[in-house]
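The values are calculated or read from the model by the stated rules, or taken from the named source; none is laboratory data. None of the values given here were measured: they were computed from a predicted structure. FYI the Cβ positions are ideal-geometry reconstructions off the backbone, even for glycines, and counts take in every protein chain you see. Just so you know, the surface numbers come from the protein's heavy atoms only, side chains and all, with ligands and any DNA or RNA stripped out. Shrake-Rupley method; radii C 1.70, N 1.55, O 1.52, S 1.80 Å.
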Amino acid sequence: MSVQTEQPRTTIRRLQEMRKARSPIVCLTAYDAGFARLLDEAAVDVILVGDSLGMVVQGHDTTVPVTLDHMIYHTSMAARGCERALLMADMPFMSYTGPAQALANAARLMQEGGAQMVKLEGDGGQVEVVAALARHGIPVCAHLGLRPQSIHKLGGYRVQGRGVHAGERMMRDAVALQDAGADMLLLECVPAVLAAEVRGIVDIPVIGIGAGADCDGQILVLHDVLGMTGRPPRFATDFLAETGDIRAALAAYVSAVRERRFPGPEHSFQD
Ligand code: KIV
């Protein structure tokens, strides 16, 4: 039996309600218990244990070297600090090449890591995998746009979906992934106008990173918010620089997203 507390845990249902109420969903990455606790206390709605840990924690140039065991290790740490936020974990490179592999690996992320939702990078080609996960009761977020695990194929970290054909394809993929059972979409580095169009044709929450202000929520990498990455991407802001304190920086990020002051046009990409 679940006990109702003042601040109940964020659920997929709650995220849906927030979308309907147009109440911005605040998401941020964390990779260990200490930061997960701080994010939880700052009332972040969704904590992502992102495979960005390969770059910001492990020091690699890409997310490709991150393994499932790394993800389980970091997710289990974050889970110990996370009581209120919904805990989402990335499925790393090559861990979801087909339904059977995806099911086995998502099960490990949930059972050993404590994740409540998994995220995978994909386009329409991942429909079968998403459908299998959804059929087995596994909440899924589909990550469209810039997909860092495909960096060697994409040839660089650049805006995706530019041009009529690419934009139409992203919209088709978004609908196909939703219809396959995805509970949430994440759009990375997508022109703001396209992101708004995608949001308009799906019914599930759309979270943006470098995707403009018209998404249902926003996410950033924690190390960018805390000014630790040296040269933050254009779509990020160093909230520590303006506050000088980690808790205050997290609070500033949360209120900037809730009050729709972040992202501004300077953080977004045009067509
Ligand atoms: O791995 C990660 O941190 C991500 C964010 C860029 C959203 O996927």
Subset of segment 227-244 [among the β-branched types (V, I, T) and crowded, with 19+ Cβ neighbours inside 10 Å] = T237
Do we find that A132 is without any contact (Cβ under 8 Å) to a residue 60 or more places away in the chain, touching a helix residue (DSSP H, G or I) at 6+ places or on another chain (Cβ under 9 Å), of a type in the set (G, A, S) and open to solvent by 40 Å² or more (accessible area, probe 1.4 Å) in this structure?
-> no
Quick one: in segment 108-129, which of the residues that are assigned to a helix (DSSP H, G or I) and in contact (Cβ under 8 Å) with a residue 24 or more places away in the chain is surrounded by the fewest Cβ atoms within 10 Å (Cβ to Cβ)?
-> E128
The one condition Q101 fails out of (1) surrounded by 19 or more Cβ atoms within 10 Å (Cβ to Cβ); (2) in a helix (DSSP H, G or I); (3) without any contact (Cβ under 8 Å) to a residue 40 or more places away in the chain is (1)
Single match in A78, A89 (criterion: open to solvent by less than 40 Å² (accessible area, probe 1.4 Å), in a strand (DSSP E or B) and within 14 Å of the ligand (Cβ to nearest atom)) = A89
Among the candidates D203, D224, residue that is crowded, with 22+ Cβ neighbours inside 10 Å and either assigned to a loop (DSSP other than H, G, I, E, B) or of a type in the set (D, E, K, R) (or both) | D224
Subset of segment 135-171, residues more than 16 Å from the ligand (Cβ to nearest atom), outside any helix (DSSP H, G or I), without any contact (Cβ under 8 Å) to a residue 12 or more places away in the chain and over 20 Å from L15 (Cα atoms), comes to G155, G163
State all residues of segment 169-196 that are open to solvent by 30 Å² or more (accessible area, probe 1.4 Å) and more than 18 Å from D214 (Cβ to Cβ); if no residue qualifies, say none.
-> R169, R172, A176, D179, D183
Might you let me know whether segment 115-122 holds any residue that is in contact with a His (Cβ under 6 Å, 6 or more places away or on another chain) and modelled with pLDDT of 95 or more?
-> yes
Can you pull out the residues in segment 228-263 that are assigned to a loop (DSSP other than H, G, I, E, B) and more than 19 Å from the chain's Cα centre (by Cα)?
-> M228, G230, R231, G244, D245, E259, R261
Considering each of V190, V206 in turn, give the residue that is within 13 Å of the ligand (Cβ to nearest atom), more than 14 Å from K119 (Cα to Cα) and at pLDDT 95 or above.
-> V190
Identity of the residue in segment 206-221, in a loop (DSSP other than H, G, I, E, B) and of a type in the set (A, V, I, L, M), that ends up most open to solvent (accessible area, probe 1.4 Å) | A213
